[in-house]
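Undergrad: Below you will find the structure I want to go over with you.
The values are calculated or read from the model by the stated rules, or taken from the named source; none is laboratory data. Keep in mind that this is a model prediction, so the values were computed, not measured. Neighbour counts are summed over all protein chains in view; Cβ atoms, including those assigned to glycine, are modelled from backbone coordinates with ideal geometry. Surface accessibility is based on the protein's heavy atoms, side chains included, excluding ligands, DNA and RNA. Shrake-Rupley method; radii C 1.70, N 1.55, O 1.52, S 1.80 Å.
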Amino acid sequence: MKILAIETSCDETSVAIVEGKGKLENPSFEILSNVVLSQIKIHKKWGGVVPMMAKREHSKNLIAILEKSLRKSSFLKLNLKSQISNLKPEKQKRLNKILEREPELLERFLKFIPTIKPPKIDVIAVTIGPGLEPALWVGINFAKALAFVWNKPIVAVNHMEGHIVASLLKSNLKSQISKIMPFPALALLVSGGHTELVLIKKWGDYKIIGQTRDDAAGECFDKTARMLELPYPGGPQIAKQAENFKKYPLTFRMGGWTRREMEKEAFNIKLPRPMIDSRDYDFSFSGLKTATLYMLRDMKERYINIGDFTPMICNEIQQAIVDVLIAKTIKAVKEFGAKSIILGGGVAANKELRMQMKKAVLMSRRDLDIRGQTTALYLPSAKLTTDNAAMIGAAGYLRAVNKDFAEPEKLEAQGNLGL
Ligand code: KG4
Ligand code: ZN
């Protein structure tokens, strides 16, 4: 089954073509194309994603991204007979209605779509939530319009299910992947808007066993980075600074101090690990953000040049987040007897989180083996951790094999959609 997938939930415009094979128990996927256009440069100057700007950019770029995605997967076939206005008047009318809120997209749609043959795809998958509603709507209306002119069914996809399924994919195109994931599985989903531990009994059967009570892990990276005057998005910036810090030899001087001197007595750059010992699987990252704020205020009051210590502070912020995420995940793996651990979401790109999670799984393996439980770790390739349509196509396949098709008229953006 060939799926054309559309993702516009936040600040990435993406269209992919994915081929899914196999039953729900052992699906396999081939990514035929996965074109992603990031809007980060546009939102950067505002320090975060501006929903209406994201909407406009999706509207402006979707057709070009679709064209590229079709071309890359060799699904682009020109319709030589066609003229620009070959859509029948009643079809035009209906299309105008579907895309009435996206005039820019409609204009490009009418110029491009009649010039190509309907691609040989079986279904269209689109993200309906969670995410920014104005942004989600563009993708949904685009999917409706394509489904209408090409006469294809639509599957509605939960963005977070996409992040889970991303662990089944390989980013190099054309590589055939078939992974039979042992269940129950436990997914740690960490992105700009979510921090969740999800227990998965089988594909489609998700139970959130813990989540953040305030800020998400990615949000904490982004907000503390902002305090340190690092650009948006903060996660990769903090990771880069922390990596520099780890590379410093002990004698390298920062602001007149060696690392050894600093660590020993100069500044006790130590942040809390909120809720690390709580009995549940919930998280809280706003306390870490506030603790960082107070620490920086205190340093300023002591006339300490924060810039000199940014790498060290970043290392501590990252480690505090990683410590909590790993501790809760391993605890849940033991309690629920998980046979697979899945990492997903933008923060899953974090190298330290990936490396330290691998170590933690190895270390706890002895404990787990005693109960006859071997736990495998599924890490999505770094390219597929952040938002992309390939993961939406794969999650869409899981719906489509169950014939779980949407009624186009009832499709709506659901900003707070849960798993
Ligand atoms: O999944 P995603 O692309 O978008 C959402 O659905 O939110 O995640 C974006 C988040 C941002 O908060 C960003 O700072 C964070 O993922 N992120 C990282 C890294 N790369 C992206 N956080 C830590 N380390 C990274 N290397
Ligand atoms: Zn995401």
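Undergrad: Of all the residues that make up region 1-34, how many are under 23 Å from Pro51 (Cα atoms) and away from ligand 1 (no atom under 16 Å from the Cβ)?
TA: Here the count works out to 1.
Undergrad: Within region 38-59, can one find any residue that is open to solvent by less than 10 Å² (accessible area, probe 1.4 Å), within 30 Å of Lys201 (Cα to Cα), of a type in the set (A, V, I, L, M) and touching a residue at least 24 places away in the same chain (Cβ under 8 Å)?
TA: no
Undergrad: Suppose we keep only residues that are touching a helix residue (DSSP H, G or I) at 6+ places or on another chain (Cβ under 9 Å) and under 18 Å from Asn151 (Cα atoms) within region 398-417. Which one would you say is farthest from ligand 2 (Cβ to nearest atom)?
TA: Glu409
Undergrad: Looking at (1) among the basic types (Lys, Arg); (2) assigned to a helix (DSSP H, G or I); (3) under 21 Å from Ala394 (Cα atoms), which is the one condition that is false for Lys120?
TA: Against the list (1) among the basic types (Lys, Arg); (2) assigned to a helix (DSSP H, G or I); (3) under 21 Å from Ala394 (Cα atoms), Lys120 comes up short only on (2).
Undergrad: For Asn79, only one of the following conditions fails: (1) without any contact (Cβ under 8 Å) to a residue 40 or more places away in the chain; (2) within 16 Å of ligand 1 (Cβ to nearest atom); (3) polar (S, T, N, Q). What is its number?
TA: (2)
Undergrad: Can you name the number of the only condition in (1) at pLDDT 95 or above; (2) surrounded by 24 or more Cβ atoms within 10 Å (Cβ to Cβ); (3) not aromatic (Phe, Trp, Tyr) that Asp214 fails?
TA: (2)
Undergrad: Whether any residue in region 290-301 is of a type in the set (Lys, Arg) and farther than 17 Å from Ile276 by Cβ is what I want to check.
TA: Yes, region 290-301 contains at least one residue that is of a type in the set (Lys, Arg) and farther than 17 Å from Ile276 by Cβ.
Undergrad: May I ask you to say which residue of Gly131, Gly162 is part of a loop (DSSP other than H, G, I, E, B), within 16 Å of ligand 1 (Cβ to nearest atom) and either over 17 Å from Leu4 (Cα atoms) or modelled with pLDDT of 95 or more (or both)? Even if it seems obvious, please write down each step before you answer.
TA: On the way: Gly162 fails: part of a loop (DSSP other than H, G, I, E, B).
The unique qualifying residue is Gly131.
Undergrad: It is to be established whether one or more residues within region 323-344 are of a type outside the set (Lys, Arg) and within 16 Å of Leu228 (Cα to Cα).
TA: no
Undergrad: Looking at region 189-211, which of its residues are open to solvent by less than 40 Å² (accessible area, probe 1.4 Å) and over 19 Å from Ser286 (Cβ atoms)?
TA: Val198, Leu199, Ile200, Trp203, Tyr206, Ile209
Each row is one residue, and each column tells you yes or no for (1) in a helix (DSSP H, G or I); (2) modelled with pLDDT under 90; (3) under 14 Å from Gly48 (Cβ atoms).
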{"site": "Leu197", "(1), (2), (3)": "no, no, no"}
{"site": "Gly210", "(1), (2), (3)": "no, no, no"}
{"site": "Glu219", "(1), (2), (3)": "yes, no, yes"}
{"site": "Gln241", "(1), (2), (3)": "yes, no, no"}
